[in-house]
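Below: the structure, in structure tokens.
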Amino acid sequence: MNPAPPFRMTGGRVRYDGREALRGVDLAVGDGEFVAVLGANGSGKSTLVRALLGLVPLSGGRTEIYGVPPARFRDWKRIGYVPQRLPMGGGVPATVREVVASGRVARQSRWRPASSADRAAVDAALHAVGLADRARDSAHLLSGGQQQRVLIARALAGEPDALVLDEPTAGVDAANQEALAAVLGDLSRQGRTVVLVAHELGPLEPLVDRAVVLEHGRIVHDGAPPAWTPHAHPRHGEIEMRAG
């Protein structure tokens, strides 16, 4: 019997204010796959990955993480999630290292202080995204691109089996996109599962096993990365297939 895949959605539907953001989506992400979710603004890319994680409720259909509905899934140390932006919280501003270290919480006992393994994982994650020299800085004083790298490091620190990234290259310059591609390439070679939302792949393109393209909440392509990339039309937001 084959083990359950990291992510599966069957007949997935999501409604926002009476509008269907996902329309009957069927998708399974296999263990060790590197999947890019592509599409124009408003196509449902971010909604899809958030629904896979149970962060957005379905209005129809079913989704599972390693064979378990998100509401009953408990093994969250296996999942790393990189949202589009650093959440703004009250209280004392957290340092970059503190934010990254929070990625180890799912692997720690409630009463056990950070171990040498925890500290080593945080150090490795900071080095991987090139922020070791900013570890003591306030995370909210960094640029948008640097904050995105902090979120990636937080997910990496948890040493997840599957990593979900929602537009990780948004606001990140070309050099840091190359650095991100190197990090994700290492994870992919280790057999980790990667699901990544993007407008364009850039330096990540050689890593992608499979592209899932959405248009108006439906999957219009699911297979080998095409020779084109989806671009938002400047006026009506439709996907324009452009040679690449």
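Rule-based calculations on the coordinates, nothing more; no lab input. Quick caveat, the model's predicted, so the values are computed rather than measured. Here the Cβ positions follow ideal geometry from the backbone for every residue, glycine too, while neighbour counts run over all protein chains shown.
Here are the numbers:
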quantity: Rel. contact order, % - alpha carbon contacts under 8 angstrom, at least six apart, the chain; calculated: 27 percent
quantity: Residues whose placed amide H lies under 5 Å from that of Ala4, excluding near-sequence neighbours; calculated: none
quantity: In order through the stretch 23-31: 3J(HN,Hα) via Karplus (6.51 cos²θ - 1.76 cosθ + 1.60), integer Hz, x for Gly, Pro; calculated: 10, x, 7, 10, 7, 10, 10, x, 4
quantity: Cut-off under 5 Å, modelled amide H: who pairs with Arg210 long-range; calculated: Phe34, Ala36
quantity: Ranked list, fewest to most other Cβ atoms within 10 Å of each Cβ, for Tyr81, Tyr16, Tyr66; calculated: Tyr16, Tyr66, Tyr81
quantity: Built amide H within the under 5 Å cut-off of Ala21, gap 5+; calculated: Val14, Arg15, Tyr16
quantity: Label-point separation in nm, Asp123 to Arg136, each point 7 Å along Cα→Cβ; calculated: 1.7 nm
quantity: Order of Thr47, Thr10, Thr193 under a 10 Å beta carbon neighbour criterion, fewest first; calculated: Thr10, Thr47, Thr193
quantity: Euclidean distance between Cα centres, the stretch 1-66 to the stretch 132-198, Å; calculated: 22 Å
quantity: Sum of side-chain charges, Pro83 neighbourhood, beta-carbon under 11 Å (Lys, Arg +1; Asp, Glu -1); calculated: +1
quantity: Under Karplus coefficients 6.51, -1.76 and 1.60, residue-wise ³J(HN,Hα) of the stretch 191-198 in Hz, glycine/proline x; calculated: x, 6, 8, 10, 10, 10, 8, 7
quantity: Principal axis dimensions, the chain - Cα atoms, whole angstrom, descending; calculated: 47, 41, 37
quantity: Residues Arg78, Arg154 arranged by fewest to most Cβ contacts within 10 Å; calculated: Arg78, Arg154
